1. Considering only the stretch C:154-250, give the strands (runs of 3 or more DSSP E) lying wholly within it that have at least 1 residues that are open to solvent by 10 Å² or more (accessible area, probe 1.4 Å).
2. Out of the residues in the stretch B:307-322 meeting the condition of being part of a helix (DSSP H, G or I) and either within 17 Å of residue B:381 (Cβ to Cβ) or among the aromatic types (Phe, Trp, Tyr) (or both), tell me which one is farthest from the ligand (Cβ to nearest atom).
3. Looking at B:29, B:73, which one is in a helix (DSSP H, G or I) and touching a helix residue (DSSP H, G or I) at 6+ places or on another chain (Cβ under 8 Å)?
4. Could you tell me which residue of the stretch C:1-36 is least open to solvent (accessible area, probe 1.4 Å), considering only residues that are assigned to a loop (DSSP other than H, G, I, E, B) and among the hydroxyl-bearing types (Ser, Thr, Tyr)?
5. Confirm whether residue C:81 is touching a Cys at 6+ places or on another chain (Cβ under 6 Å), at negative phi and not polar (S, T, N, Q).
6. If you take the residues in the stretch B:232-243 that are of a type outside the set (Val, Ile, Thr) and touching a Pro at 6+ places or on another chain (Cβ under 7 Å), which one is nearest to the other protein chains (Cβ to nearest Cβ)?
7. Only residues that are part of a strand (DSSP E or B) and under 25 Å from residue B:62 (Cβ atoms): list them for the stretch B:274-292, please.
8. Being of a type in the set (A, V, I, L, M, F, W, C), more than 12 Å from the ligand (Cβ to nearest atom), free of Cβ contacts under 8 Å to residues at least 60 places away in the same chain and buried (at least 23 other Cβ atoms within 10 Å of the Cβ) narrows it down to one residue among B:295, B:252; which is it?
Amino acid sequence: MNEQEFFQNIARRLGREFPADANAAAAAPARTSVGAPDFWQAHEWNHQERLDNFAAELARLGGSAQVYETLSALQEGLAALLLELSPSLVGVWGGEFIAKMQLQGVLSPCKVMEWVEQPEMIEQFAHIDVGVTGCDFAIADTGTVVLLAAAGQGRLVSLLPSVHIVVMKASQIHTRMGEVWRDIELRGLDPAHLPSTAIFISGPSRSSDIENDLTIGVHGPAAVHALIWDDGKS
Amino acid sequence: MSAGAKDRTSVIERSHAALQDDFLRAAVRFTTDRLKDRKHGATEELGRWEEWRERGREIRAHTVSHLDYYLRRFVDNARAAGAEIHFASDAQEASAAVLGVVHAKQAQLVAKSKSMVSEEIHINRRLEEQNVRVVETDLGEYIIQLANEMPSHIIIPAIHKTREQIKDLFTRDGGQNLGTDTKALVTFARRKLRETFLTADIGMTGCNFGVAESGSVVLFTNEGNADMVSALPKTHIVVMGMERVLPTFADLEVMANLLPRSATGQKVITYMSVITGPRRAQERCGPEELHIVILDNGRSSQLGDDEFRDVLHCIRCGACLNVCPVYRHIGGHAYGSVYPGPIGAVLTPLLLQGEEFADLPNASSLCGACYEACPVKIPLHDMLVALRRRAAGGPRTKRAERAAWRGYALAFAKPGRYRLVTRMARLAQTPLQHDGYIESTWGPLMGWTNSRHAPALAPESFRDRFSRMKQDVRTIKSDPQ
Amino acid sequence: MWMKVALFATCLVDNFYPHVAESMVRILNHCGVEVEFPEAQTCCGQPAFNSGYQEQARVVGRTLLDAFGNYEYVVSPSGSCTGMIHHYYPYLFDSNPGLAGHARELVTKTYEFSQFLVNILGVTDLGAQFAHTVTYHPSCHGSRLLGVKQEPLELLARVRDLNLVELPHAQDCCGFGGAFAVKMSEISTAMATEKADWVTETGAEVLVGTDMGCLMNIGGRMRHMGRPVRVMHLAELLLEGMEQGSGVRG
Ligand code: SF4
C-alpha cells in the first residue's frame, strides 16, 4: 500500500483530515505523564546498594557475580575461572577492551580468538565454549548487562558460546533501566548515530516450553558470570 | 489433530472435542495455574502494581490515539537509521512485501523467531508455497511447526504437548536415541537450530515495541533466538502491527516491567534487543539490511471504532488466557484462530468474518478475570458484550432468540405483567417439579438441566409475601469500634 | 439509628429464593432499618444486556429507576445486579436526558447487602452463632467489578463457632454467566464441575455466597452429581446464626 494512503487512513480513523506531522517538534501531542510512575523515576540506590542488588539479582536469575576490590584481583579471578572452565578456545570481543582492562596476560595461556568481522567470524564462533566481553551499562534492579553494537565490539561473542563472562566495573551499574536510556540519550538520539543494537541481557538463556519445565542454555549461553571491579572504592 | 478453523466447525463443536481431551485440560490447567501464581508473586514483589498498570494503560491509550504522529516519527527515524519500510494494508500485501525481499535476496532458508503477527498473515505457508524453507527457532514454535499445528497459547505455543510427543517429533526431525528429559530434548533443539541460525539467508522477527523517538524495533525473548535471528543472517525482516509503537524509551521501561511479569511472572525478560537500523559501517556485527513491514490488517477499522479502539492497546502478554476459566477448560485450539483466549474472542471476530468465529463472543461467562489481569486494562468483558450486541441485530441470530428477548422485555417492563407471567409459570411448573427442584431435561433451557438441577419457582414470590410481613425494627447503635 | 431503605430483591430472589430477601429484611430490622419493597421493580435487565439485547435491557431496567427514585438507599442481595447498575446504567440511559440523571443517582445509592451492612451501617458483628464448616465462593461480578471482597469475610469472621475453610481457586468463575450457561452449556458445565469438586474437597457442609445465580449453578450441579451441599446466601446464614446466637450486639 502507498505510504501516503496508509497514513491518511489512520488519520481519518482518528477523525482527522490529515495525518499529524511528525517533523515539527511543536506538533508533538501533549502528555500528562511520560514513562514510569513518578515514585519509580525518583528511585535511586547508592553505589553499594547498586552493587549488592546487581549481584543478588543476577544470582537469582541463575548467573553469578563476583566483586573484586582491585583490577589485579579481578584479573586473578578471571584467570582462576578460565582455569576451571579450561576452554579449548576463548572468544573475545574486540576493540580496546582487552587493553583497557589489562587482560592480555590473563588470557595468554588460552587459545584466544578476537571477533573481527561478520560474516567470517560466525562460523568460527559458533562452537566456541567461552566468550569474554565487557559491557556498556548494567542495571542493578534486574541484574542486567547492556551491550551496544559499536566500533570494535562484536556483541555476538556474548550470545554464541555456552559460557558468557562479562568483565565490568561497578561504576557502570545504574539503579534502573530508565537511567540507561538517559545515558544513551545524552550521547544523542539521532538515529543515524545510535548503535544498531543495544542488547539487554539478564542471566542465562532460558525456556519453559517443554511441559513448563525451566531449562537454561537453549540458544544463548547456559552460564553468565559477571566479574566486577569495584572501582568506586579505589 | 491439527485443530483450528481449517475445518469449518463452531466453537461449540471445537470445545466439545477439547473437553474430551483429558491430557490437554490437565496440561493447560497445570501451566496456567503456575503462570498465574508466578505473576501474582512477581507483581506483589514489585509493589504498587495498580500504578504501573495505570501507567501502562495511559501510555498505550495516548500512543494509539495519536498513532498517525507516532508511527510517522517511527518510520522517519527508522529510515534515518537505514531501515527500509514497507506498508501493508492486509495479510496478502504483507506476504508480498516479505516475498519481495526473499526473492531479491534469492533466499532459500528463513529463520524465524516467534511472532504472533507472522502467524496472523500465515507467512510460513506463503513462503513454503514458493519453496522457501522456514524454520521456527523459538523452542515452542519449533515443536508446533514440526507437529504442523497452530500455537495454542500466545506465550507458550506448545502448552498442549507432552514430552513424549515432543520426543517423537524431534526423532522424526533427525534426533537419535533421544530421551524424554528436558535437557536431552533441549540439547537436540539447540544443536539443530544452531545450524539454521548459521545458514539462514534471512532472519524474520515480529516486533514487541517500536520506539518512535529513535525508530528502534524492540524484541523480547527468553531464549535469545530473536537476537540470533536478527543478527546472524545478512538480511533481517521485521513484521510489525502498526499499533506496536511507543513514544519514548522512557515508556519502554514501563512495558519492560509490565510484559514479562504479566506473561510468565518473570521480573525481567532474559534478552531485550533494541534494534535501530542495520549494522553501521564501523560496527562488527549485525545484518546488512533491515526491512520493516508495517501491517494494518483490520487494525485501522478498530482504530476508528470507539468501542474497540482499546483492543489496540494489547501488548500480547497472554495474562488474560492464564486467568480465563473458559480457556482453562478448552485450551487454545478451540478458539479456531491464531489469537486464543479472551483477547482472541474479541480480536478474531473483529478481524475475520467466517461463520466458524461467529460464536466466539459467546464463549465467555463475562467473569471479568481477563480485565483484572490485563496489564494495560483492556475491558475485554465489555467488548464481548458489544460484539454480542452487534451480532444480535445481524442475520446469524436465530429468530427464536430474538423473540425470546422481546418476550422478556414485554413481560418484565411492566410490574403488573411481570407478576402475571411469574404466577402463570408457577402453575405451569407444577408437574415438573420435585422437592423444590426441576430435575428433568427440559425445554429451551436444556443446556442447563442436562447437567444441573434447576430450582423450582417458590410457591409464593417475595413480593406476594412482603405485604404480609411484619417488621420489628429495633433502635440500636452500630458496632462500637 | 432509624433509617428506611428500599429493597431491590432481584427477579431471581423474588421468584425462586424469597427467603433470602426475607432474611435481609429481618437482619436490617435488627440493625434499626425499616425496609420497603417498591412494587414497580422487576429486573435490572442484565440477562438481556449481557446477551447483547440492549434495548430490551433498557426498558426492563427502567422499572428500577421508577421504583427507587424516592429512596435514600437501595439494598440488594446480589453483587452482580448491583454491579449491573453501577457499571452500565449510566451508559444505558445516557442518551435519554430525562433518565440519565436518575440512572447516575441510582448508582450512588445502590449497595450490595454485605457492603451496606459493613460500610454504611458499620455493622460486622450480628451476634450470630453457626456451628458448621462453611466455605465461601466470591462471585465474580460482586468481587471483581463491584469490588466487594472483604465485607462478606468480615461478617463471617464475627460469626461464633463458624469454621470457615478456604475454597481453593475461589476466584475462578463457577460457569454461570446467565445465557452462557445455556448457550455454551458444555463449557459452563465443565467450569461448574471443577467448582463443585473444589467445594467437595473443602469438606464444607455449607457453601455460602452473595449471589443466588452462582449458588443456584453450583448447588444445582452438585445436586445433579449426587453430592448435595447446603447452599446459603450470606443473609440466610447470618439470620439463622442470629436465631442461634444472642442477636445483634449493640
Ligand atoms: S488483552 Fe491484555 S492481558 Fe490479554 S494479551 Fe493483551 S495485554 Fe495481555
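The values are calculated or read from the model by the stated rules, or taken from the named source; none is laboratory data. Keep in mind that what you see is a predicted model, and the values were worked out from it rather than measured. As a convention, Cβ positions derive from the backbone with ideal geometry for all residues, glycine included, and neighbour counts pool all protein chains shown. Areas reflect the complete protein model, heavy atoms only, side chains present, ligands, DNA and RNA absent. Shrake-Rupley method; radii C 1.70, N 1.55, O 1.52, S 1.80 Å.
1. C:163-165, C:230-233
2. Residue satisfying both the conditions and the ranking: B:309.
3. The unique qualifying residue is B:29.
4. Residue satisfying both the conditions and the ranking: C:10.
5. yes
6. B:234
7. If the condition is that a residue be part of a strand (DSSP E or B) and under 25 Å from residue B:62 (Cβ atoms), then B:274, B:275, B:292 are the ones that fit.
8. So the residue among B:295, B:252 that is of a type in the set (A, V, I, L, M, F, W, C), more than 12 Å from the ligand (Cβ to nearest atom), free of Cβ contacts under 8 Å to residues at least 60 places away in the same chain and buried (at least 23 other Cβ atoms within 10 Å of the Cβ) is B:252.
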